[in-house]
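Taken together, the values in this text are just the output of simple stated rules run on the coordinates, not laboratory data. These figures come from a predicted structure and were not determined experimentally. All Cβ positions, glycine included, derive from the backbone under ideal geometry; neighbour counts span all protein chains shown.
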Amino acid sequence: MIKHIFSITGKNYRQPAPLFLRLTIGFGFMAHGWAKLIKGPEAFGNLLAQIHVPFPHAMAWMSTLTELVGGLAMFAGFMVSLTALPLIGIMLVAMFGIQIHYGFSSVKTIGLTPNGPIFGPPGYEINLLFIAGLISLLISGGGIFSVDSILAAKRGTTN
């Protein structure tokens, strides 16, 4: 069972549903990784230091690169089942290290000004949605129009 989950063989690559999950999740991780890279991973490292993550600056670089490379791999559908694992790890660290303290809801209106609403810190709702999508992709594979589907077709191992 475990061997089948992490293999590109034995999966139905004609399914279109994983495509939409892959594109959305992949783009989301790339966008967050890019934002960390543009601001400088050192700034993210300072946040990690505040929540007592070991080796915060090294972890900031690792997180930034994992989000960028993992997001791109997910977007393209390359090694989807394996790529999902470090991305799930990032979501779990973010959820239990930061968002868990703010409750479930990702949208918290804490005030209203003439310019519009003021929002508080997000809870762990989005983390759970990302994790659920990644687990779905881990099990189902990348679906149609993925690099994995091309590799499986070349091997003659598609369903």
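Which of (1) of a type outside the set (A, V, I, L, M); (2) more than 20 Å from Q15 (Cα to Cα); (3) touching a residue at least 40 places away in the same chain (Cβ under 8 Å) is the odd one out, the single condition G143 does not satisfy?
So G143 meets the others, but not (2).
Tell me which helices (runs of 4 or more DSSP H) are completely within segment 26-108 and hold 3 or more residues being of a type in the set (F, W, Y) and touching a Lys or Arg at 6+ places or on another chain (Cβ under 7 Å), or say none if there are none.
none
Consider T109 carefully, then state whether it is loosely packed, with under 15 Cβ neighbours inside 10 Å and touching a Pro at 6+ places or on another chain (Cβ under 7 Å).
In short, yes.
Matching residues to (1) surrounded by fewer than 18 Cβ atoms within 10 Å (Cβ to Cβ); (2) free of Cβ contacts under 8 Å to residues at least 12 places away in the same chain; (3) aromatic (F, W, Y):
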{"site": "A17", "(1), (2), (3)": "yes, no, no"}
{"site": "L21", "(1), (2), (3)": "no, no, no"}
{"site": "G26", "(1), (2), (3)": "no, no, no"}
{"site": "M30", "(1), (2), (3)": "no, no, no"}
{"site": "G33", "(1), (2), (3)": "no, no, no"}
{"site": "W61", "(1), (2), (3)": "yes, no, yes"}
{"site": "Y102", "(1), (2), (3)": "yes, no, yes"}
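Tally time: how many residues in segment 121-140 are closer than 22 Å to N12 by Cβ and surrounded by fewer than 20 Cβ atoms within 10 Å (Cβ to Cβ)?
Residues flagged as closer than 22 Å to N12 by Cβ and surrounded by fewer than 20 Cβ atoms within 10 Å (Cβ to Cβ) within segment 121-140 amount to 6.
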